[in-house]
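Trainee: Can you keep this structure in mind? I'll have questions shortly.
The values are calculated or read from the model by the stated rules, or taken from the named source; none is laboratory data. Quantities reported herein were computed from a predicted structural model and do not represent experimental measurements. Because the Cβ atoms are built from the backbone with ideal geometry, glycine has one as well, and the counts that use them run over all protein chains shown. Just the protein is used for accessible areas: all its heavy atoms, side chains included, with ligands, DNA and RNA removed. Shrake-Rupley method; radii C 1.70, N 1.55, O 1.52, S 1.80 Å.
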Amino acid sequence: MKIGIIGAGNIGGNLTRRLTALGHDVSVANSRGPHTLTELARETGATPVPAAEAARGAQVVVVTVPVRAVPDLPSGLLDGAAEGVAVIDTGNYYPQRDGRIAGIEDDGITESRWTERQIGHPVIKAFNGTYAQDILDRHRPAGDPDRMALPVAGDDEAAKRAVRDLIDELGFDTVDAGGIDESWRQQPGTPVYGLRAGAEAVRKALAEASPERPADFRA
């Protein structure tokens with residue numbers, strides 16, 4: 001599968017490592033340019049590209065940048081992507097880092113719905129509450145009693161299925177967390193955020209979430 005990763009921080013870097021190890025054709029970009037990704041490319045075999053080219057031909061695109069940086073992504077970012085491309089949003093809104101975002105704070109829309117509106121394409125919310133090191137260290141084969149489950153939210157059922165299949169290949173179970181308007185259940189400060197557990201515990205944590213944004217995650 002051809003996969004584009006936009007953002008080469010902890011999550012983006014470790015997804016690059018695992019996805020290339022699984023044989024996927026990965027293009028990776030960051031805000032500083034391809035020349036800063038030579039070491040990651042040498043380690044993984046991924047292709048470093050400008051952000052505007054990361055989605056070219058991709059069947060899956062991972063957007064893993066700080067929320068404040070989403071509006072600065074290149075316009076037409078997904079124009080060259082494969083038909084039906086699934087876009088994964090791993091982002092979280094941290095006001096202390098991102099500044100106050102009125103659409104999230106005042107309008108009450110979920111973080112991923114806000115991101116959708118910025119990039120002009122539906123997204124699938126996944127990996128936002130996953131520890132980056134767990135991507136490398138905690139993957140397990142299907143059926144393993146210690147296999148972790150990750151919540152996955154999104155409105156496009158075909159894209160959600162593609163993402164869930166990819167996460168399964170990475171070595172994790174998934175739980176359908178509903179549509180993007182329900183993705184507040186996995187935002188920072190909720191019971192499932194950072195939870196290392198199986199599918200049953202993840203479902204329970206999603207059900208126990210409150211729609212009120214915790215004070216620590218408000219500007």
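Trainee: Could you estimate the translational diffusion coefficient of the stretch 166-219 from the Stokes-Einstein equation, with Rh from the Kirkwood formula over C-alpha pairs, at 25 °C and 0.890 mPa s, in whole µm²/s?
Mentor: Numbers: Rh = 12.0 Å.
Answer from the Stokes-Einstein relation: 205 µm²/s.
Trainee: Whole number in Å², please: accessible area per residue of the chain, 1.4 Å probe, ligands, DNA and RNA not counted. Kindly include the intermediate steps, with their values, before the conclusion.
Mentor: On the way: 9860 Å² over 219 residues.
Roughly 45 Å² per residue, with all protein chains present.
Trainee: What number, rounded to the nearest 500 deg cm²/dmol, is the helix-based mean residue ellipticity at 222 nm of the chain, given -39500 (n - 2.57) per DSSP H run of at least four residues and division by all its residues?
Mentor: Values: 8 runs with 66 residues, N = 219.
Dividing the helical sum by the residues of the chain leaves -8000 deg cm²/dmol.
Trainee: Once the dipole of the chain is set up with Lys and Arg at +1 and Asp and Glu at -1 on Cβ about the Cα centre, which of N10, P188, Y94 lies farthest towards its positive end?
Mentor: N10
Trainee: Determine, for each peptide in 137-147, 55-65, 189-199, 31-41, the mean count of other beta carbons within 10 angstrom over its residues, then list the peptides with the highest first.
Mentor: Working: 137-147: 11.0, 55-65: 23.7, 189-199: 17.6, 31-41: 13.8.
Sorting 137-147, 55-65, 189-199, 31-41 by mean packing, highest first, produces 55-65, 189-199, 31-41, 137-147.
Trainee: Moving to a separate point now. Return the carbon/sulfur percentage of the accessible area of the chain, one whole number, probe 1.4 Å, all protein chains in place.
Mentor: Numbers: 4480 of 9860 Å².
On the chain, the fraction of accessible area on carbon and sulfur atoms equals 45 percent.
Trainee: Follow-up question, since we're still on this one. Kindly report, to the nearest 10 Å², the accessible surface of F127 as traced by a 1.4 Å probe over protein heavy atoms only.
Mentor: Looks like 10 Å² after rounding.
Trainee: Taking the Kirkwood radius as the inverse of the mean 1/r across Cα pairs, report the Rg/Rh of the stretch 1-138. Could you put the intermediate results ahead of the total?
Mentor: Numbers: Rg = 14.4 Å, Rh = 15.1 Å.
A ratio of 0.95.
Trainee: Please report the spacing between the Cα centers of the stretch 1-44 and the stretch 94-129 in Å, no decimals.
Mentor: 23 Å
Trainee: Quick one: what are the phi-derived ³J(HN,Hα) couplings along the stretch 4-9, Karplus 6.51/-1.76/1.60 with θ = phi - 60°, whole Hz, x for glycine and proline?
Mentor: x, 10, 10, x, 10, x
Trainee: Let me ask you something else. To the nearest 20 debye, what charge dipole does the chain have about its Cα centre, counting +1 at the Cβ of each Lys and Arg and -1 at the Cβ of each Asp and Glu? Show your work: numbers first, answer last.
Mentor: Values: 24 positive and 32 negative charges, 93 e Å.
Around 440 debye, computed over the chain.
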